[in-house]
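Note sheet for the following structure.
The values are calculated or read from the model by the stated rules, or taken from the named source; none is laboratory data. Note that this is a predicted model, so its numbers are computed, not measured. Glycine also receives a Cβ, built like all others from the backbone with ideal geometry; neighbour counts cover every protein chain displayed. Surface areas here come from the heavy atoms of the whole protein model, side chains and all, with no ligands, DNA or RNA. Shrake-Rupley method; radii C 1.70, N 1.55, O 1.52, S 1.80 Å.
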Amino acid sequence: MNGVNSDTNLTLALHWPHMITVSNRIYVHPEYHAAFEARFHARPRQVDDRPGFLCSYILKPTVQDEPFIVLTLWESREAFEVETAMVVDPLAL
C-alpha cells in the first residue's frame with residue numbers, strides 16, 4: 001500500500017465521482033514474489049507527483065499461479081491517459 005492515511009482517504013472521497021482505478025495483472029514465478037514486492041516498494045515513485053495521480057496498491061496473490069494485481073487510482077480518465085502517453089516503465093508506477 002502506498003501510505004494510505006486520513007489525508008489520502010479525504011482525497012479519494014473528493015475525487016470519487018470521476019476517479020478511475022487502473023488494474024495491471026502481473027504474473028511472477030513464486031520464487032521471485034519477495035523480490036518483486038521489494039522492487040515495487042523501492043520503485044522510483046516517479047508517478048506519485050504526476051497531475052491526477054492519487055495512490056497505488058499492490059495486491060499479493062493468495063492462490064498459487066495467480067498474478068499480483070497493481071492498482072493505480074487517478075482523478076479522472078483524462079489524467080490517466082495523459083500519463084500513460086509518457087510512462088514507459090510499469091515499475092515507475
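With a 1.4 Å probe rolled over the protein heavy atoms of all chains, the accessible area of Arg43, Arg50 falls in the order Arg50, Arg43, largest first.
Whole-Hz Karplus values for region 25-31 come out as 9, 10, 7, 10, 4, x, 5 Hz, taken residue by residue from phi with 6.51 cos²θ - 1.76 cosθ + 1.60 and θ = phi - 60°; glycine and proline positions read x.
A simple packing score, the average count of other Cβ atoms within 10 Å per residue, orders the peptides 65-73, 31-39 as 65-73, 31-39, with the highest score first.
The candidates Arg45, Arg77, arranged from most to least accessible area with a 1.4 Å probe in the full protein assembly, appear as Arg77, Arg45.
Ranking of Thr62, Thr21 by solvent-accessible surface, largest first: Thr62, Thr21 (1.4 Å probe, protein heavy atoms only, all chains present).
For region 46-56, the Karplus equation 6.51 cos²θ - 1.76 cosθ + 1.60, evaluated at θ = phi - 60°, returns couplings of 4, 7, 4, 9, 6, x, x, 6, 9, 5, 9 Hz by residue, with Gly and Pro reported as x.
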